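The values are calculated or read from the model by the stated rules, or taken from the named source; none is laboratory data. This is a predicted model, so every value here is computed, not measured. Every residue, glycine among them, receives a Cβ derived from its backbone with ideal geometry; neighbour counts consider all protein chains shown. Heavy atoms of the whole protein, side chains included, go into the accessibility calculation; ligands, DNA and RNA do not. Shrake-Rupley method; radii C 1.70, N 1.55, O 1.52, S 1.80 Å.
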Amino acid sequence: MFADEQGNRPFNVRAPEAPAAVNLWHRLCLDFADAKAFQAELLELLLRYDRKKGGQPYLVHLGSVPLKPR
């Protein structure tokens, strides 16, 4: 996350003073039941935080799609 071409990270995203930001792409290998569970958990997490009001706005994007098997 947040690394340049050489793998250097300009800041540690887990450090308390780092921005509250994350950007990643990750491939998961899931069967259909786990993919549906993951989908439900992501949506519930989003809704849980969406119910909180006040504070700084953040842009959030969630996405997952099945990839064709090799």
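Okay, residues lined up against (1) part of a loop (DSSP other than H, G, I, E, B); (2) surrounded by 10 or more Cβ atoms within 10 Å (Cβ to Cβ); (3) of a type outside the set (V, I, T):
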site: A18; (1), (2), (3): yes, yes, yes
site: A35; (1), (2), (3): no, yes, yes
site: L45; (1), (2), (3): no, yes, yes
site: R48; (1), (2), (3): no, no, yes
site: P66; (1), (2), (3): yes, no, yes
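Looking across the range 23-33, the residues that are among the hydrophobic types (A, V, I, L, M, F, W, C) and exposed (fewer than 11 other Cβ atoms within 10 Å of the Cβ) come down to L24, W25, L28, C29, F32, A33. Of all residues in the range 50-64, those that are open to solvent by 90 Å² or more (accessible area, probe 1.4 Å) and in contact (Cβ under 8 Å) with a residue 24 or more places away in the chain total 1.
When L59, L28 are checked against the criterion of being touching a Ser or Thr at 6+ places or on another chain (Cβ under 9 Å) and either in a loop (DSSP other than H, G, I, E, B) or at pLDDT 95 or above (or both), L28 stands alone in meeting it.
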